[in-house]
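A.B. asks: Handing you this structure, nothing more for now.
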Amino acid sequence: MPGQHCTKVGALVTMRSAFWSINRNCFQTLQELQPLMAQSNLPVGNDKPQEVGGEKTRPLALQKARDNFLKGVSYFSGDMEVFGKWMEKQFFLLQLLDWVLRGAAQVMFVNNPLSGLIIFGGLILQNYWWALNGFVGTLFATISALILQQNRGAIAAGLYGYNGILVGLLMAVFSNAGNWYWWLLLPNIFMSMMCPIVSSALASINSRWDLPVFTLPFNILVCLHMVATGHYNHYFPQVLIQPRSELPNITWAEIDVAKLFMSVPVGVGQVYGCDNPWTGGIFIISLFISSPITCAHAVLGSAVGMVSGLALAAPFGDIYFGLWGYNCVLACIAIGGMFYALTWQVHLLAITCAFFCAYLGSAIANSMSTFGLPACTWPFCLSALTFLLLTTETNRIFKLPLAKVTYPRKTWEQLQRAIEDEAILNEKEQLRLELEKMEEGREECKASEGEYDQMYVEDNAPAVEHNTTEEKEIKHIDSSSDDYV
Amino acid sequence: MPGQHCTKVGALVTMRSAFWSINRNCFQTLQELQPLMAQSNLPVGNDKPQEVGGEKTRPLALQKARDNFLKGVSYFSGDMEVFGKWMEKQFFLLQLLDWVLRGAAQVMFVNNPLSGLIIFGGLILQNYWWALNGFVGTLFATISALILQQNRGAIAAGLYGYNGILVGLLMAVFSNAGNWYWWLLLPNIFMSMMCPIVSSALASINSRWDLPVFTLPFNILVCLHMVATGHYNHYFPQVLIQPRSELPNITWAEIDVAKLFMSVPVGVGQVYGCDNPWTGGIFIISLFISSPITCAHAVLGSAVGMVSGLALAAPFGDIYFGLWGYNCVLACIAIGGMFYALTWQVHLLAITCAFFCAYLGSAIANSMSTFGLPACTWPFCLSALTFLLLTTETNRIFKLPLAKVTYPRKTWEQLQRAIEDEAILNEKEQLRLELEKMEEGREECKASEGEYDQMYVEDNAPAVEHNTTEEKEIKHIDSSSDDYV
Amino acid sequence: MPGQHCTKVGALVTMRSAFWSINRNCFQTLQELQPLMAQSNLPVGNDKPQEVGGEKTRPLALQKARDNFLKGVSYFSGDMEVFGKWMEKQFFLLQLLDWVLRGAAQVMFVNNPLSGLIIFGGLILQNYWWALNGFVGTLFATISALILQQNRGAIAAGLYGYNGILVGLLMAVFSNAGNWYWWLLLPNIFMSMMCPIVSSALASINSRWDLPVFTLPFNILVCLHMVATGHYNHYFPQVLIQPRSELPNITWAEIDVAKLFMSVPVGVGQVYGCDNPWTGGIFIISLFISSPITCAHAVLGSAVGMVSGLALAAPFGDIYFGLWGYNCVLACIAIGGMFYALTWQVHLLAITCAFFCAYLGSAIANSMSTFGLPACTWPFCLSALTFLLLTTETNRIFKLPLAKVTYPRKTWEQLQRAIEDEAILNEKEQLRLELEKMEEGREECKASEGEYDQMYVEDNAPAVEHNTTEEKEIKHIDSSSDDYV
């Protein structure tokens, strides 16, 4: 039956062209990472390369070599799935350590124990006491999640630990009682153990819109602790934060360009409350290990934050200290490839979000200083949630279902697989339609063949199949909104 | 078959009486607008007047004359649908201008380019620089919506422009850098372009309750800009707003009654941040063109705000300046006929909402002054959303589905049509039931005939059909709430 | 058919053992209340005791005596259902009084007019003027709910009155104009009448997560009134509340242990804004009448609040004044048996919630003092909502559907009945499965008999049926979340 073949080839070609157009963006922005990205090509290439005769542009030998190399890399990059599975059979305390390390890295959306280990290294470089508090926070948050019988998979991915590490760290950072004030561990443990409760509660709300909770539990709990005790407290005094009440002294002649550039890694470090540029650099390396795209967006976000600070006449000290960067780092990572499938439109959206986040960061820092509070990562949470709630009629901004969020490279593969699945589905549907048509007149098949041939020649990305996904989505939204009319 | 006829007539009579009771309220409150309202009677009158013999109270000739007059008026009143359709075939820039003008008027829930043009006239009368900023804001908000591929129908109705005009205007109004400070256009353009993103995000949330976003994006973005920069900023300083810290001087002997009355149009003008009473007057005219009911509620709301200010011991200066009126104007319009079908119960609800809004306005103004922020239109948004979330067991407070919100007169017609549709549906259902009954005993039909005859005589408004709508709604809510039990 | 019998007995045994394990907790914590609790055993005991031969541990005679006694007690304990039904046929004003009294008690989640009467007694003991304001508030809130045609059952349960009494009371408590300032009744009546509107609006939102509105309408409306007028207002001045700006003087040597213990009943009294320990004691009695479990959790919560205050270095004066207790009282009642079915895990959760609530209370009090506002019961609302949104994979923390929330003892019975229903359902399901199996091989039934016999011997609580409920719930959640993917 010729109809079947023609649609199958046509669908595959369209899918492939859509994929290549995505890949091309990647090549432009991250030329040196090409080997890592190429893997996403494999599933298709391996499955049915013989069907698409003329598409064998890359020799199979090179692909195999790459395959082997990537297999080696994959053991410690991405989410270290193999290691994770091996861990499942180990001693409980070792498992717990794995979860804690993954939790430490999950702050940056990285589910990788090696990254977590490096991050703890960076924290120790910054301050022993802070690192200890961070570890205690992660540990007790994870234990609390176990006690409350939260989802084991989520615990194992470190999703109950990342708020804990931030709570522990930042409570130590903002404490006015100095280092090694051991009593601080008490509220630290209490607040860390509250993390899974607040996370679970917020997830109940956010899941209605298929949104993650981000670091909202951390923001809520640290602000709660700080404002509950305040600067004037005998047991747990906080550093004094006051609203600005006079014009800051900004003389452009005094600007220190070296410090300005250093503010980019410092901004990445400030995600964990660290102002040491070396610590920031170590964090960047830990990101690179897991996902170079995440790493690139982190640096980009920090730079955007720095520029925004200059544009809004922020005191230079704040910019050098990385206060303008860390929220943008997180926002840029979240939008750029983590929760949206990465296309160049999404890449632009991520940069826009970083700018918006910087603006919002200034607003939140100013308004929360009235209560003696720092901005924490509220600006990131609010801006990223806003951008994730965005709905458009274009299929180039495709929000991933929350359950499928892993890391940028993998989401690509998923998007591709979804396209493929859609293609097969679409194929079957078209086949069915054609069969119907054939029974009517038997002329339409040739026309559709011609149509697909044309597409084959053009090799652009109108992504017919993706479109169908979108349409289904829209229909779905329509049907669900009908419920509330 | 006698059963069919008796139910048909009965249903029509009940529907008609329900309609007349609505109409009567209109006659009482807006006697002079009777010709405009009467149009809503036409569809029924034209369709099946011969079936309801005794109801021909108005001669057809008069109705036809009215019809012609109203056809003329309809070209520039309401939402100028004919003009909108003609526009669709025009040059893109002309279309864009249409959308910008509609956007300017949509602040007042008016989808009418002529009203928008008059409003821009009022703004120019107030301040050239403000008007320019407003125009830039509307323009870039609309362009941003186009780039983000938002719903074309919504863009064409100006629904992505109204937050833009407010953002542009109010950023200029609250800037402390004086007029013609051209750098202000940069944050103005950025914030205007963020409007569709924030609108879309909020719509994703609010649509779950079938609620509009109102001016929330404007509130969020202007507050964000103001608090991010603040009074002590080198580039974008804001006017200094501080909380009250001493008893205001209020001497009733000093009250200026003329200024007090003038505060009503000034209150309408303050919706766009304008304190010129002539500008306010022009805005009132622009409202009247599109919808006299909207206009009446605007004036009523402003008056309610003024009274509330006096009742809560506000400084007279604030009242004269219209600060107590503008939120009530918007709240009163929104509840009074825009999002609820107008009945006299809804009219009372709108007045209650205006009082609540004035109270809330004072509360929000006081609390936001702590952050150096004005109240913007937060009070309107929050009070109107609260009143729209209200659920009652009466069928006299009927919330329109968001997709059907247009303007008060049209919503009447829709309500009526819905009643009619329900009547037909109900009729069919009853017919079916009767057929079933007839097969059982053939006695029930006469009883039901008697019942309907009685209703015919009474001519009051128990709105059997409407009731059914309500019941269906309630059932629907029940079934959806079952999902969450 | 042997299969039917074996599963029936097995299911009943498992259910019974699950029930006894719940009951045992009760015996441990509230030994003296045993007679009241035992009633929950009756439905099962009466229905099919002959089927479970060996379980007749309690002689029927004693049970009958208890039954008679409990019948007497039930006339004025619990929700006084019999009295409520008798009331339905009485004069309207008498009914209204019943609703007002129930409303007064509903602040503590008690639907009991006798408790309400005693509470009004306590209020009169505290302050005549406050009691009057509270009465006016409850009355007008109930009337407003009637006007707005809210659900009659909810009105009759006092669910529209409890926000009214708090609004009335607290507006009087925080007024700086002194007692018997009659003008205060005007905003009191206005705000009370707004209660049902705000309640209804919040319920529209919260019902999506099957959450109650708690005292949120009261919090919103009282804060609104206070910040709208403020300390510097000619007509309605509020007491001056300012943020802390220096270290409080805390000397542990000066602590007054008697006052510290007295702070427990004072904390209960502060739920209604009363600082008189006798008033607090009266409130405790009123709670005991309706539900001893509620009463115990109230006292426990107040004690937890006091301890938290000491732990967070609060000024002793605040602790003595009960400011640390009242939110914990409400949070502990809400979580401990009211909205969750009481197990010992839930009991621990209630205590955790009380600690969290105390922490949150301090945070909210400090941050709201910036606006000159008291904490009201925001901490209770937010902490209880957080803990009610918690989802776990354990079946020992079982959130009751909102429509079935009554009072702790009844919820037990409901849980038990649900278990029983599930058992019957499960039974039928298993029967069906077994029939299928029998047609296949006819060997499985004996194996399952053995299995159930084993369970019978063990008499522990793996709660197979309850598990099934949970699984159904989880499936349900899955299917509903699918809608949003």
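A.B. asks: Between copies, how far does the label point of A:Leu431 sit from its twins, in nm, shortest first, when each point is 7 Å from Cα along Cα→Cβ?
C.D. replies: 4.6, 4.6
A.B. asks: Accessible area lost on pairing C with B, both sides, 1.4 Å probe, Å² to nearest 100?
C.D. replies: Buried surface at the C/B interface: approximately 3400 Å².
A.B. asks: How big is the accessible area of B:Ser245 in square angstrom, nearest 10, if you roll a 1.4 angstrom probe over the protein chains?
C.D. replies: 80
A.B. asks: Out of C:Leu240, C:Leu221, C:Ser204, whose Cα points farthest toward the positive end of the dipole of the stretch C:196-275 (charges: +1 Lys, Arg; -1 Asp, Glu; placed on Cβ)?
C.D. replies: It is C:Ser204, whose Cα lies furthest towards the positive end.
A.B. asks: Run the accessible area of the stretch B:254-407 with a 1.4 Å probe and give the carbon-and-sulfur part as a rounded percent.
C.D. replies: Numbers: 3190 of 4420 Å².
Ligands and nucleic acids excluded, carbon and sulfur reach 72 percent.
A.B. asks: Now, a different point. Where does each of B:Arg66, C:Arg102, C:Arg432, B:Arg152 land when they are ordered by accessible area, with a 1.4 Å probe and the largest first? Present the calculation step by step, with values, prior to reporting the outcome.
C.D. replies: Details: B:Arg66 55, C:Arg102 10, C:Arg432 110, B:Arg152 130 Å².
The residues order as B:Arg152, C:Arg432, B:Arg66, C:Arg102, largest area first.
A.B. asks: Hey, got the dipole for the stretch C:254-407? About the Cα centre, +1 on K and R Cβ, -1 on D and E Cβ, debye to the nearest 20? List each step's numbers first, then the result.
C.D. replies: Working: 4 positive and 5 negative charges, 94 e Å.
Here the size comes out at about 440 debye.
A.B. asks: At 7 angstrom along the Cα-to-beta-carbon line, where would the label on A:Gln90 sit relative to the other copies? Give the distances in nm, shortest first.
C.D. replies: Sorted ascending, the copy-to-copy spacings read 7.0, 7.0 nm.
A.B. asks: Looking only at other chains, what is the average number of their beta-carbon atoms within 10 angstrom of each beta-carbon in C:386-397? Could the numbers behind the result be given before it?
C.D. replies: Working: counts 9, 4, 2, 8, 10, 9, 9, 5, 4, 1, 1, 2.
Mean inter-chain Cβ contacts per residue within 10 Å come to 5.
A.B. asks: How charged is the neighbourhood of A:Leu202? Take every other residue with its Cβ under 14 Å from the Cβ of A:Leu202, and add Lys/Arg as +1 and Asp/Glu as -1. Walk me through the intermediate numbers first.
C.D. replies: On the way: positive: A:Arg208; negative: A:Asp210.
Within the 14 Å Cβ shell, the charges total 0.
A.B. asks: Which whole-number percent gives the relative contact order of the stretch A:78-240, counting Cα pairs below 8 Å spaced six or more residues apart?
C.D. replies: Result for the stretch A:78-240 is 21 percent.
A.B. asks: With charges set only on the Cβ (+1 for Lys and Arg, -1 for Asp and Glu), what does the dipole of the stretch C:199-304 come to about its Cα centre, in debye to the nearest 20? List each step's numbers first, then the result.
C.D. replies: On the way: 3 positive and 5 negative charges, 46 e Å.
Charge dipole, the stretch C:199-304, about its Cα centre: 220 debye, nearest 20.
A.B. asks: Please give the residues from the stretch A:241-264 for which the solvent-accessible area of heavy atoms, probe 1.4 Å, is smaller by at least 10 Å² with all protein chains in place than with the chain isolated.
C.D. replies: Buried by the other chains: A:Arg244, A:Ser245, A:Glu246, A:Leu247, A:Pro248, A:Ile250, A:Trp252.
A.B. asks: Taking the label point 7 Å from Cα in the Cβ direction, how far apart in nm is B:Leu146 from each other copy of itself, listed shortest first?
C.D. replies: Those label-point separations list as 5.9, 5.9 nm.
A.B. asks: What figure, in Å² to the nearest 10, do you get for the accessible area of C:Asp421 with a 1.4 Å probe and non-protein molecules left out?
C.D. replies: Roll a 1.4 Å probe over it and C:Asp421 shows about 80 Å².
A.B. asks: While we're looking at this one, here's another question. Please give the residues from the stretch A:286-329 for which the solvent-accessible area of heavy atoms, probe 1.4 Å, is smaller by at least 30 Å² with all protein chains in place than with the chain isolated.
C.D. replies: By number: A:Leu312, A:Ala313.
A.B. asks: Let me ask something else about it. Mind listing the long-range amide H neighbours of B:Tyr340? Cut-off is under 5 Å, sequence gap 5 or more, other chains count too, H placed in the peptide plane at 1.01 Å from N.
C.D. replies: B:Leu400
A.B. asks: Continuing with this model, one more query. Which chain B residue puts its Cβ closest to the axis that rotates B onto A, and at what distance in whole Å?
C.D. replies: B:Thr370, 3
A.B. asks: Could you give log10 I(q)/I(0) at q = 0.09, 0.14 Å⁻¹ for the stretch C:254-407, computed by the Debye formula over C-alpha point scatterers of equal weight, without solvent?
C.D. replies: -0.27, -0.64
A.B. asks: Rounded to the nearest percent, how much of the accessible area of the stretch B:78-240 (1.4 Å probe, protein heavy atoms only) is carbon and sulfur? Don't skip to the answer; put the middle values down first.
C.D. replies: Values: 3860 of 5500 Å².
C and S fraction of accessible area: 70 percent.
A.B. asks: Can you work out ³J(HN,Hα) from phi for every residue in the stretch B:146-154, in order, using Karplus 6.51 cos²θ - 1.76 cosθ + 1.60 and θ = phi - 60°, giving whole Hz and x for Gly and Pro?
C.D. replies: Going residue by residue, I get 5, 4, 7, 6, 7, 4, 5, x, 5 Hz, with x marking Gly and Pro.
A.B. asks: Between C:Ile397, C:Val264, C:Leu348, whose Cα lies farthest towards the positive end of the dipole of the stretch C:254-407 when Lys and Arg beta carbons carry +1 and Asp and Glu beta carbons carry -1, centred on the Cα centre?
C.D. replies: Value: C:Ile397.
A.B. asks: In the structure shown, do any of B:Lys71/B:Lys410; C:Lys64/C:Lys404; A:Lys71/A:Lys410; A:Lys404/A:Lys428; A:Lys89/A:Lys410 have a Cα-Cα gap over 21 Å, and if so which? Don't jump to the answer; show the numbers that get you there.
C.D. replies: On the way: B:Lys71/B:Lys410 14 Å; C:Lys64/C:Lys404 28 Å; A:Lys71/A:Lys410 14 Å; A:Lys404/A:Lys428 25 Å; A:Lys89/A:Lys410 25 Å.
Beyond 21 Å: C:Lys64/C:Lys404; A:Lys404/A:Lys428; A:Lys89/A:Lys410.
The values are calculated or read from the model by the stated rules, or taken from the named source; none is laboratory data. Quick caveat, the model's predicted, so the values are computed rather than measured. All Cβ positions, glycine included, derive from the backbone under ideal geometry; neighbour counts span all protein chains shown. For the accessible areas, the whole protein counts, side chains as well, though only heavy atoms, and no ligand, DNA or RNA atoms are used. Shrake-Rupley method; radii C 1.70, N 1.55, O 1.52, S 1.80 Å.
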